[in-house]
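Following: one structure in structure tokens, then a few remarks.
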Amino acid sequence: MYNLSLNKLRKRYCLYMTRLNEREIIDLFVTYFKDPLLNKVKGDDLVIVPLKYNMSKKTNKTTRTNLVLKCDMLVQSTDVPEIMKPWQIARKSMTACVSDFAAKGIRPYACLISIGIPKRYSKNDIIGLANGFSQASKEYKVRILGGDTNESKELIIDCNMVGITSREDNKIPRRNGARAGDFIVTSGKFGYSSSGLKIILSNLNAEKKFKSRSLSSVINPKPQVEFGFHLAKYFSSSIDSSDGLSSSLYEIALQSNNVNLLIDEIPTPKELCNFANSNSISIEDLLFFGGEEYEIVATVPRANYKKMIKKAKKHKIKIYKIGKVLTGTGNVYYSKEGVQKLVKNNGFMHFAR
């Protein structure tokens with residue numbers, strides 16, 4: 001009896017040890033695909049495929065064009081709070097893709113949408129989805145050109161988006177380009193979406209205005225796409241923050257060479273502090289370990305910073321400088337009132353242990 005129980009425990013332990021998180025699953029798949037392009041794009045937001053074509057047979061001039069690809073899947077049980085309406089879900093599924101394009105400064109052109117629809121969905125629900133897709137298409141100027149439909153146990157939306165750019169590959173910011181001396185900037189403030197999720201899931205109390213803004217950031221996010229479209233050419237690295245600020249910063253820190261990121265100027269709204277204090281929540285948890293913000297996080301070389309500020313003023317774009325890049329070993333630190341501490345890498349990840 002004892003040996004049987006021990007064997008069962010061993011099997012369960014081995015099963016647990018072989019569970020993979022989202023990133024490990026992707027890395028495993030990549031090892032089975034031998035395309036050298038995958039090694040270049042692995043771990044980044046978009047796939048950039050270089051294309052060549054002859055502009056003129058007479059001149060024999062060749063222009064390089066990059067095809068830019070992105071897909072993002074939304075699953076109702078893991079990605080959608082119950083209070084969201086069908087149109088909001090559909091819009092958010094496209095927002096996630098557009099946000100990744102914006103982080104690289106590339107405007108998406110068109111998309112295909114595959115959707116799994118549960119039997120319980122009524123005609124009105126499906127009309128709601130259609131309205132959400134239509135709204136996002138107009139809002140982001142992305143053409144919806146087709147897709148696929150199927151029956152599923154829960155709502156699943158897979159958005160496949162494409163863009164085209166003539167920018168050289170090395171002029172498109174990746175996650176691995178941060179260098180010591182760069183500034184760290186973002187397109188917006190953090191803490192609202194994490195507060196909104198806590199209000200929804202735990203029914204926490206909040207001031208009326210703050211509650212409205214926090215809930216809106218979850219069910220109707222508004223990424224600052226013009227921030228990326230106009231300013232990305234000044235970035236040394238960039239990422240969208242949909243998995244949380246901590247996770248985004250660590251992606252840059254770990255993929256870049258010999259750097260640490262120090263966050264020492266992060267804006268902290270008074271109403272966010274009030275919400276944290278009244279509900280006994282750590283303000284750092286709300287700032288760093290949220291998700292679904294769809295803000296852009298980027299590093300900017302000092303030589304580009306003034307030019308970026310000038311361009312931002314021209315287009316009335318807000319920039320939040322939140323820290324700097326230092327020489328290091330891939331860590332993220334938070335400095336407050338002269339005290340530095342290590343930030344945990346605790347962003348959202350599917351299949352997390």
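The values are calculated or read from the model by the stated rules, or taken from the named source; none is laboratory data. Since we're looking at a predicted model, the values are computed, not measured. Here the Cβ positions follow ideal geometry from the backbone for every residue, glycine too, while neighbour counts run over all protein chains shown.
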Original post:
Is it true that residue 307 is surrounded by fewer than 16 Cβ atoms within 10 Å (Cβ to Cβ) and either under 19 Å from the mean Cα position of the chain (by Cα) or free of Cβ contacts under 8 Å to residues at least 24 places away in the same chain (or both)?
Top reply: no
Original post:
What are the pairs, 6+ residues apart or on separate chains, where a residue within the range 70-99 that is assigned to a loop (DSSP other than H, G, I, E, B) has its Cβ under 9 Å from a residue that is aliphatic (A, V, I, L, M) and surrounded by fewer than 16 Cβ atoms within 10 Å (Cβ to Cβ)?
Top reply: 81/201
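Take residues that are without any contact (Cβ under 8 Å) to a residue 40 or more places away in the chain, outside the structural domain of residue 81 (by TED's automatic domain parsing) and surrounded by fewer than 18 Cβ atoms within 10 Å (Cβ to Cβ) and tell me which of the helices (runs of 4 or more DSSP H) falling wholly in the range 220-285 contain 2 or more. Spell out the reasoning first.
Numbers: elements: 225-231, 245-255, 270-278.
Hits in the range 220-285: 270-278.
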**OP:** Might you check whether a residue that is of a type in the set (S, T, N, Q), assigned to a strand (DSSP E or B), modelled with pLDDT of 95 or more and surrounded by 16 or more Cβ atoms within 10 Å (Cβ to Cβ) occurs anywhere in the range 318-337?
**Re:** no
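Identify the residue in the range 338-350 that is surrounded by fewer than 13 Cβ atoms within 10 Å (Cβ to Cβ) and at pLDDT 90 or above and, among all such residues, is farthest from residue 255 (Cα to Cα).
Among residues in the range 338-350 that are surrounded by fewer than 13 Cβ atoms within 10 Å (Cβ to Cβ) and at pLDDT 90 or above, the one farthest from residue 255 (Cα to Cα) is 339.
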**OP:** Check residue 161 against each of (1) farther than 30 Å from residue 327 by Cβ; (2) in contact with a Pro (Cβ under 9 Å, 6 or more places away or on another chain); (3) surrounded by fewer than 23 Cβ atoms within 10 Å (Cβ to Cβ) and name the one condition it does not meet.
**Re:** (3)
Subject >> Residue under evaluation residue 171, criteria (1) in contact (Cβ under 8 Å) with a residue 24 or more places away in the chain; (2) among the basic types (Lys, Arg); (3) over 29 Å from residue 73 (Cα atoms), criterion not met >> reply: (3)
Original post:
In the range 112-142, which residue that is touching a helix residue (DSSP H, G or I) at 6+ places or on another chain (Cβ under 7 Å) and of a type outside the set (A, V, I, L, M) is farthest from residue 85 (Cα to Cα)?
Top reply: 140
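Criterion first (among the small types (Gly, Ala, Ser), over 27 Å from residue 221 (Cβ atoms) and assigned by TED's automatic domain parsing to the domain that holds residue 196) does residue 335 satisfy it?
Working: among the small types (Gly, Ala, Ser): yes; over 27 Å from residue 221 (Cβ atoms): yes; assigned by TED's automatic domain parsing to the domain that holds residue 196: yes.
Criteria met by residue 335.
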**OP:** Could you tell me whether any residue of the range 174-183 is over 24 Å from residue 268 (Cα atoms), among the charged types (D, E, K, R) and surrounded by fewer than 21 Cβ atoms within 10 Å (Cβ to Cβ)?
**Re:** yes
